[in-house]
Amino acid sequence: MIVRAAVKVIRGAPASGARLSATRSSAAGRGRLGLGKVGLVQSRRVAGGRRLAANARDGAGGGGGGGKAGMDAEELFWFDLNGFLVVRGALSEREVAGLNAAIDAHLPAARARDASALKNAAPESAMTASGSRVDMGGMLAWEEPAFRELLTQPTLTRYLTEILGKGFRLDHQPLVIVQSNDSEGFALHGGPLSGDDGVPQGRFNPELQYRCVNGTPWTSLLAASVSLCDAESGDGGFCVLRGSHKLNFAVPSAVTHGLADKFQDHIHQPAVKKGDIILFSEATVHGALPWRPRQSGKERRLALLRFAPANMAYGRAYTDEWGSGVFERCTPAQRAVLQPPYAPRLERAVLSDAGEDGTTAYKRSEEKRAHDAHIFGTPYF
């Protein structure tokens, strides 16, 4: 059996949409994004609606609400301890229905990972199964707005701002995963040290790191796994080695593939419901167990988005403007999340807190901008 441990889970009620503050700033370098004169904002955290805390072991809820948006001390403790956090009820039933309807409309374009080179689990490993995972992409360009709306979904953005800071950005193309019964999982991967990935084990991995300094968490890459179906404990799907974002020794190959004697003692597969979001640092070693639900015929569905701090990048989809026609379909707030990596102090357009117009956090002086334009030929260095 998979060992189940107490893991903090949070219920977040959606709040009003994120907005951008219009302020005087140069449109140079941002015309193609369509941001125009949108500037930086600094806002006060406001109440994000009612939130209920629950323990993953028994699902017992506790009262909560009011106060400041973002993460409270207990949430920060669990995320820092485990390297992931389950946000319960982050999406409404309407939002989940919209995402699933959009997937249904484009399902014929989905592609199974049938080729041996596309398999995510080694043969004879604990993650392998007879069926293949099915992937979908290109959602940002779909006519349906549901996936673009995730970029500024109020509950999600509260956590992204807390962990990644103002000006967080989408780093990878969003991915939809669909699985039927007895389809393969994914060998453990990620982590702050190189593992069973062709690089000498135990080397520092600068691309996937986690730190917490003076009570402020930070990670170079944060994943948001949006649950579009229920997954009970033992069904399979997302699994994690709790606390591995702080590991000091490489993950042994036998652990990576689920073949170690004590693998089941340490791997954890959190139970989720439709609308829950699993937030995890990519520095936390994670993977997926084969999808074998107790309920016969139940399909697994999730949307996976990866975000990064304002001035960092792992993926490179932004170099192709996220695909043809994407910016034209986005709102200014959504386009702000799709910006290339650069520091907020260079007049980056960032989301304000829900319900706030926001104020200017940092504005370069006209003299500095004119100086840079004179010596570099561009308004920003």
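The values are calculated or read from the model by the stated rules, or taken from the named source; none is laboratory data. If you're wondering where the values come from, they're calculated on a predicted model, not measured in any experiment. Neighbour counts run over all protein chains shown; Cβ positions are idealised from the backbone, glycine included. Just so you know, the surface numbers come from the protein's heavy atoms only, side chains and all, with ligands and any DNA or RNA stripped out. Shrake-Rupley method; radii C 1.70, N 1.55, O 1.52, S 1.80 Å.
Here are some notes:
- Cα gyration tensor, the range 73-376 - rounded (a/c under 1.5), prolate or oblate: prolate
- Ser130 contributes about 100 Å² of solvent-accessible surface, heavy atoms of the protein only, 1.4 Å probe.
- In the complete set of protein chains, residue-level accessible area for Thr161 is approximately 30 Å², probe 1.4 angstrom.
- Farthest positive-ward along the range 281-381 dipole, Cα basis, beta-carbon charges - from Ala343, Leu289, Ala317: Leu289
- Here is the list for the range 258-319: trypsin sites (Lys or Arg not before Pro) lying in DSSP coil, each with at most 12 other C-beta atoms within 10 angstrom of its C-beta, are Lys262, Arg294, Arg316.
- Mean-position separation - Cα centroids, the range 86-127 and the range 150-207, in angstrom: 15 Å
- Whole-Å distance, taken between Cα centres, linking the range 281-301 and the range 326-345: 31 Å
- Ordering His374, His172 by accessible surface, largest first, gives His374, His172; the 1.4 Å probe counts only protein heavy atoms, with every chain in place.
- Remark: the range 243-256, residue by residue, has Karplus-estimated 3J(HN,Hα) of x, 6, 5, 10, 5, 10, 10, 4, 5, x, 4, 5, 6, 3 Hz, where x stands for each Gly or Pro and the curve is 6.51 cos²θ - 1.76 cosθ + 1.60 at θ = phi - 60°.
- Relative to the current alpha-carbon distance between Val199 and Arg345, full extension at 0.36 nm per residue lengthens the span by 49.0 nm.
- Residues in the range 172-215 that a label on Glu143 would reach, taking backbone N under 19 Å of a point 7 Å out along Cα→Cβ: none
- Distant-in-sequence amide H partners of Arg242 (H built 1.01 Å from N, under 5 Å): His268
- Take the range 73-376 with all the other protein chains still there, run a 1.4 Å probe, and you get 42 Å² of accessible area per residue.
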